[in-house]
Structure formats: C-alpha cells, structure tokens
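The values are calculated or read from the model by the stated rules, or taken from the named source; none is laboratory data. Computed from a predicted model, the values in this text were never measured in an experiment. All Cβ positions, even for glycine, are placed from backbone atoms using ideal geometry, and neighbour counts span all protein chains on display. When the accessible area is computed, the model is the full protein with side chains, heavy atoms only, and any ligands, DNA or RNA have been set aside. Shrake-Rupley method; radii C 1.70, N 1.55, O 1.52, S 1.80 Å.
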Amino acid sequence: MIKRSLLLSLLLATGVVQAQDKAAAQPDLAKAKQTAEQVCGACHGADGNSQIPANPKLAGQHAEYLFKQLTNFKSEGGKPAERANAVMGGMVAALSADDMKGLAAHFAGQKLKPEAAKDKSSIELGQRLWRAGDLKRGIPACAACHGPAGAGLPAQYPRLAGQFADYTEAQLKAFRAGERANDPAKMMRTIAVKMTDPEIKAVADYAAGLR
C-alpha cells in the first residue's frame, strides 16, 4: 500500500512538473501582440503585413525561421551580430529569448496579404530558375529548398511566396556581396554569387506571385 501511494505521488509530481514546463514553454502572445503593435508595427505592420517593400512581410512566416533571424540580429557577449543590421540590432537589443519566441509565434499566426508578380517579361526566366535552376552553372532549383509553391521549411528555409519582390531581390544581392552571412553552410552565398542581376530580379518577382 505504501509503495502504491509513493508511486502515485511520484506520478502526480511528474505530471505537475511537465505541466509547468509546458506552460513555461508557451510564448506570451499577449505581450508579443503589444510589442508588435508598439515597436514592430511602424515598419512591418502590427499584423506582419508590411506596406513598405524594403521591409519584409512577416505574416505567415515560419516561427522557427523568424526566431532565428531575431536572435541573429542580436549582439551577444560583445560579439558582432551574426546578421548585421543597425536598425534591427537596436530593436532586438532589449528583447529576451522568450520575447523573441513570442514575436515569432505572433507573426507566424497572422494571415499573409501576399504581393503579386509584376514583370510579365521575366516570368519565364523566373519560373525556370525556380523550378529547375541552372545545373550547368551550379545553380540549384529554388523549389528544392523553398518548395514548389514557395512555402519553405521551418527554421532553415523561409516562405518566399507573396513576399515583396524588392525585399527578396535585396537579400539575394546582399548574400551575393557577402553583406548578409547568416545562411546555413553558406548556401545562399554560394548560389547568389552565380546569379546575374536580371536573374535575381526575375526569380524574386516570380516568388512574389507564388501561392
């Protein structure tokens, strides 16, 4: 009887600890919403649907990817941030890891108001690079990592469908120039350096029109 009581107590205690751990792991979405409205909204929109092509749409982006980018913007222990950006560096300086997880979850849960492809003359080139790449020049298909419909994969590969073409183009050029260097295994830097300006522009515009 004593052994049974001890076992029951142990199971109950374990359940309480697990429940507490689960509760602690949940992001504070109310706080995140407030931060999004008061801090992030001016550039990205409170719901993550930026109206400014230079600033990415965050709505519907993978939470894991958003969290990685936020942490990459932050300088830790006096070391330079992995993703250098003076504006974003200042924005995340006072955010804790839990704050960033909350913001990532908040924006991931918003509905994207997608952009559209605008340059009909480059659709064929953009589509070809997205679907097949250019194997002779060592350019893999964008769809291999970002998916046929541009949905991406959590953590490593962002959703590009519906994103501003201007923003995607700027990031590809930043990877090509080595100005952005937080891509896993230098993947994007290796690819972008082989692409011409017209190719970058075409694939960025094509991605904007994906759904």
Working carefully through the options Ala202, Ala192, Ala151, Ala208, find the one that is surrounded by 16 or more Cβ atoms within 10 Å (Cβ to Cβ) and within 17 Å of Asn55 (Cβ to Cβ). Ala208
Kindly check whether there is at least one residue in segment 74-84 that is modelled with pLDDT of 95 or more and closer than 18 Å to Pro158 by Cα. yes
Please go through segment 98-148 and give me each residue that is open to solvent by less than 90 Å² (accessible area, probe 1.4 Å), over 25 Å from Val193 (Cβ atoms) and not in a helix (DSSP H, G or I), ordered by number. Gly109, Gln110, Leu112, Pro114, Glu115, Ala116
So which residues in segment 157-205 are in contact with an Asp or Glu (Cβ under 8 Å, 6 or more places away or on another chain), of a type in the set (Gly, Ala, Ser) and not in a loop (DSSP other than H, G, I, E, B), if there are any at all? Ala165, Ala202, Ala204
Can you list residue pairs whose Cβ atoms sit under 9 Å apart, with the first residue in segment 69-80 being β-branched (Val, Ile, Thr) and the second being open to solvent by less than 30 Å² (accessible area, probe 1.4 Å) and assigned to a helix (DSSP H, G or I)? Count only pairs 6 or more apart in sequence or on different chains. Thr71/Val92; Thr71/Met100
Qualifying residue in segment 171-181 (condition: within 15 Å of Ile123 (Cα to Cα) and either more than 15 Å from the chain's Cα centre (by Cα) or open to solvent by 20 Å² or more (accessible area, probe 1.4 Å) (or both)): no
